[in-house]
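The values are calculated or read from the model by the stated rules, or taken from the named source; none is laboratory data. Quick caveat: nothing in here was measured; it's all calculated off a predicted structure. In this analysis, Cβ positions are derived from the backbone assuming ideal geometry, glycine residues included, and neighbour counts consider all displayed protein chains.
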Amino acid sequence: MQRGEPITVSLVGSTGSIGTQAIDVITAEEGRYRVVALAAARSVERLVEQARALRPERVAIAGPSRAAELAEALPAGTAVLAGDGALEAVSVDAQVVVNGVVGFAGLPVTLAALRAGRRLALANKESLIAGGPVVQAARATPGAEIVPVDSEHCAVHQCLRGIIGEKGMEALPELRASRLRRVVLTASGGPFRGRQRQELAEVTIADALAHPTWSMGPKITVDSSTLMNKGLEVIEAHELFGVGYDDIDVVVHPQSVVHSMVETTDGATIAQLSLPDMRLPISYALAYPDRSRTAFGAIDWSGLSRLDFEQPDREAFPCLDIAYRAGREGGTAPACLNGANEVAVDAFLGGRIRWVDIPEIVAAALDDYHVTIPTTVADVLDADRSGRDLAAAAVARRVTAGR
């Protein structure tokens with residue numbers, strides 16, 4: 001790419017939280033980026049609004065029923081793709097593909113971008129948690145690379161890059177073998193930080209949704225309260241950076257200013273700090289290996305009085321160790337875990353089970369599941385379906401028993 005030439009970007013999941021914040025980043029640096037494709041599941045009105053502002057060449061919508069409506073409202077000359085395969089089709093259009101799709105619909109997007117040798121700015125958790133073995137094969141495509149958008153993994157990426165220096169991330173295997181002691185992911189601790197296990201038996205849905213730091217959707221907020229979100233991030237870190245589970249730790253940090261850390265063999269710890277602002281990891285992934293010229297999440301050090309750290313209470317929050325277990329089992333176990341957890345959280349939000357039942361249901365699903373090695377997306381979807389079915393059965397048993 002010549003100096004001054006705009007970086008081309010495909011925004012897949014453009015109408016969601018990650019997509020809209022990516023547009024904030026792009027518009028903050030006029031002329032640096034050119035959006036060539038937008039894609040969403042069904043939000044026609046928002047897609048049209050974005051397309052009129054950004055003038056992409058192609059717009060994709062997963063739901064085919066509103067394709068004609070979308071085409072009629074778009075600027076003249078904008079191509080419309082709809083239905084099965086539409087999101088994947090625009091995932092090969094640009095130098096950088098932002099995957100902000102929620103759920104398993106994001107896995108084909110990840111695979112399409114990597115198989116086309118693109119840089120993937122990845123915010124879709126299912127791609128690596130459930131589809132890790134399948135994604136790793138696609139990641140071997142020449143030119144393909146993943147730059148994580150998740151704040152914790154973006155922090156680890158920045159720390160590792162700082163240690164490796166001019167050799168670039170291609171030298172990560174050498175670093176793991178000779179100088180890396182451990183990766184430390186930080187967790188806010190959620191709304192129940194400091195409570196003992198016996199205190200959590202009667203927590204309400206409203207209690208679990210009252211996150212002290214971040215504003216998120218109900219499912220991920222409950223995951224934060226159980227520490228399952230951090231367990232899932234441990235699996236992501238393993239898949240992203242190739243670090244063994246024994247060398248990935250979690251520490252509770254309620255201020256959410258230190259986003260993660262890397263410790264080297266000589267005892268030095270490298271950390272990435274910023275105020276909570278998802279536009280920072282998005283801008284990092286878009287500009288990589290350069291840096292954004294707009295400061296997102298900059299710290300006012302005159303107003304930051306303390307940074308606290310403590311060990312997670314693994315007895316009160318067993319989901320963390322359940323996720324480690326699934327990660328160590330490997331294969332399709334993380335996909336089963338992810339599916340089972342979604343069913344358990346949904347049952348809690350629906351008032352069918354207690355908060356403390358969530359880890360028991362997920363663990364029961366893993367106990368009854370037979371792990372295999374996935375080679376296709378269908379294998380991953382089968383594992384997810386099995387996890388959901390096993391968890392649903394465990395929920396039904398508790399409801400029947402009156403628990």
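Got a sec? Which of V257, V262, V251 is touching a strand residue (DSSP E or B) at 6+ places or on another chain (Cβ under 7 Å) and within 21 Å of L122 (Cα to Cα)?
The conditions single out V262.
Taking the range 9-23, which residues are in contact with a Lys or Arg (Cβ under 6 Å, 6 or more places away or on another chain) and within 14 Å of S283 (Cα to Cα)?
Q21
Go through the range 190-251 and tell me which helices (runs of 4 or more DSSP H), entirely inside it, have 3 or more residues that are at pLDDT 95 or above and closer than 30 Å to L172 by Cα. Break it down into steps so the answer makes sense when it comes.
Values: elements: 205-208, 218-226, 228-241.
Here the list reads 228-241.
In the list R354, R388, which residue meets the criterion of being among the basic types (K, R) and surrounded by fewer than 19 Cβ atoms within 10 Å (Cβ to Cβ)?
That would be R354, the only listed residue that is among the basic types (K, R) and surrounded by fewer than 19 Cβ atoms within 10 Å (Cβ to Cβ).
Just to be sure I understand the filter: pairs with C-beta atoms under 9 Å, separated by 6 or more residues or on different chains, first member in the range 331-355 and touching a residue at least 24 places away in the same chain (Cβ under 8 Å), second member among the basic types (K, R) and in a loop (DSSP other than H, G, I, E, B). Which pairs pass?
Listed pairs, sorted by first residue: D346/R352; F348/R354; I353/R403; R354/R403.
Kindly provide the set of residues from the range 252-304 that are touching a Gly at 6+ places or on another chain (Cβ under 9 Å), assigned to a loop (DSSP other than H, G, I, E, B) and within 20 Å of M169 (Cα to Cα), ordered by number.
P289
Quickly run through the range 356-381 and pick out the residues that are farther than 19 Å from Y324 by Cα and without any contact (Cβ under 8 Å) to a residue 24 or more places away in the chain.
A378
Among the numbered criteria (1) in contact with a Lys or Arg (Cβ under 9 Å, 6 or more places away or on another chain); (2) under 25 Å from L107 (Cα atoms); (3) buried (at least 23 other Cβ atoms within 10 Å of the Cβ), which single criterion is violated by F317?
So F317 meets the others, but not (2).
Filter the range 364-385 for residues that are surrounded by 12 or more Cβ atoms within 10 Å (Cβ to Cβ) and among the charged types (D, E, K, R); which is farthest from A344 (Cα to Cα)?
D379
Only one of these is out of contact with any Gly (no Cβ under 6 Å at 6 or more places or on another chain) and buried (at least 24 other Cβ atoms within 10 Å of the Cβ): T204, T110. Name it.
Working: T204 fails: buried (at least 24 other Cβ atoms within 10 Å of the Cβ).
Just one listed residue meets the conditions, T110.
Of all residues in the range 272-289, which are of a type outside the set (V, I, T) and either in contact with a helix residue (DSSP H, G or I) (Cβ under 6 Å, 6 or more places away or on another chain) or buried (at least 19 other Cβ atoms within 10 Å of the Cβ) (or both)?
Q272, S274, M278, R279, L280, P281, S283, Y284, A285, L286, A287, Y288, listed by residue number.
A94 fails exactly one of the following numbered conditions: (1) surrounded by fewer than 18 Cβ atoms within 10 Å (Cβ to Cβ); (2) of a type outside the set (D, E); (3) in contact with a strand residue (DSSP E or B) (Cβ under 6 Å, 6 or more places away or on another chain). What is the number of that condition?
(1)
Condition first: under 26 Å from V149 (Cα atoms) and in contact with a Leu (Cβ under 7 Å, 6 or more places away or on another chain). Now tell me which residues in the range 66-99 satisfy that.
Within the range 66-99, A89, V90, V96, V97, V98, N99 qualify.
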